[in-house]
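Trainee: Got a structure for you, questions after.
Every number in this text was worked out from the coordinates using simple rules, so none of it is lab data. Model, not experiment: these values are computed from the prediction. Neighbour counts are summed over all protein chains in view; Cβ atoms, including those assigned to glycine, are modelled from backbone coordinates with ideal geometry.
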Amino acid sequence: MKVQHFPLAGCLAFLLLSLWSSCGLDTSEPVSPDRIYPDLDLLYDANEDITYARAGFALGGPNGSLLQLGEGASITLNGEALVFNRALSIYELNRDGFEASGTFVYTDEEGREFTNSTTIVPIEFQDSVANIVAGEDYVLPWNGDGVADNEVVFLSLILNDPIYTDRLWTQDTVGATQIVVPRDLVSLPSIPVRLILDRSRANTSVEAPAVGGSVTSNYRPVIEEVSIVQ
C-alpha cells in the first residue's frame, strides 16, 4: 500500500472546496486557440448536495494565466452554458443534487468543438467511523470501489485549532479500499477533529487543443467528526 503524507496547506484547491484560485485574469492581446489549455472539473459535495461544474482556461498550459474566452467561444455541460465568474477567472455551473456524469463541450473562437465526458465515482465513510488513538496506526476503510489507476483518494484531518497543522494523506494504490494513517499523531491533544474524504478521477484521454487539457471528476461525502484519544 502506498500512502503519502503532506501538510494540508498548499494542497489541491478542490479538496477544500475552493476548487479554483485565481491565477490572475489575462485580458491582454488575443492568443491562438491552440495555446488555450482547458481545465474541466465536475464535483459533487454531499455536504451541500450540489454538483459543481468548473472550467478554467489557461494560457500555454496548466500553470498559465487564466483567460476569459473570446467572442464566439463557449463552454457547456450537457448543453447548458457555464457562466464566467470574474472574481475567480473561471466558468461555473451549479446544479442541485447528485449528477453522476456530464459532457463538457468547449467551442473555441474558430468554431472547433472539443467534447469530453466524465463520470463521478462515489465514495462514502462506513456507517461507524472509529476515533483516532494517538500513537497507533489509524485504518480508515471506505464504502465504494477500490482505487482505479487514474484515481486518488484523499483524507484530510481538520483540527479546528490554530496551534496545530491540519493533515492530508493520499491513497493511489490500485485496488486499495482503505487508507492507513501512520502513528505520527501522538503529539496531538485529545480533541475533536473532522475527517474529509475525497475521490478524484482524471480522464486518461482528453479531447483538447494542441497545448492539451485536463478533465477530472470528484466526489466528497458528508464530513465525519471523530476524536483523537490518548
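Trainee: Neighbouring Cβ atoms within 10 Å as the yardstick, rank Tyr138, Tyr164 fewest first.
Mentor: Ascending number of Cβ neighbours within 10 Å: Tyr164, Tyr138.
Trainee: Once you've got the GNM for the chain with C-alpha springs shorter than 10 Å, pick whichever of Val83, Val31, Val180 has the biggest mean-square fluctuation.
Mentor: Comparing Val83, Val31, Val180 in a Gaussian network model of the chain, the most mobile one is Val31.
Trainee: Right, here's the next one. Under a 10 Å cutoff between Cα atoms, tell me which one of Ala148, Ala202, Ala58 has the largest fluctuation in the Gaussian network model of the chain.
Mentor: Greatest mean-square fluctuation among the candidates belongs to Ala148.
Trainee: On to the next question. So how far, in whole Å, is the C-alpha centre of segment 209-230 from the one of segment 91-119?
Mentor: 19 Å
Trainee: Let me ask another. Sorting check: for 150-160, 71-81, which peptide has the highest mean count of neighbouring beta carbons within 10 Å, and how do the rest follow?
Mentor: Order by mean packing, descending: 150-160, 71-81.
Trainee: For Val139 and Arg112 in the same chain, what is the full-extension length gain: residue separation times 0.36 nm, less their Cα-Cα distance, in nm?
Mentor: 4.9 nm
Trainee: Roughly what % antiparallel, to the nearest 5, for the DSSP beta bridges in the chain?
Mentor: Beta bridges within the chain, antiparallel portion: roughly 85 percent.
Trainee: Where the eigenvalues come from the Cα gyration tensor of the chain, what are the semi-axes √(5λ) of the equivalent ellipsoid, largest first, in whole Å?
Mentor: 36, 18, 15
Trainee: Here's something else I'd like to know. Tell me, what is the FRET efficiency for Thr165 and Thr103 to the nearest 0.05, using R0 = 41 angstrom and their Cβ-Cβ distance as r?
Mentor: After rounding to 0.05, the efficiency reads 0.55.
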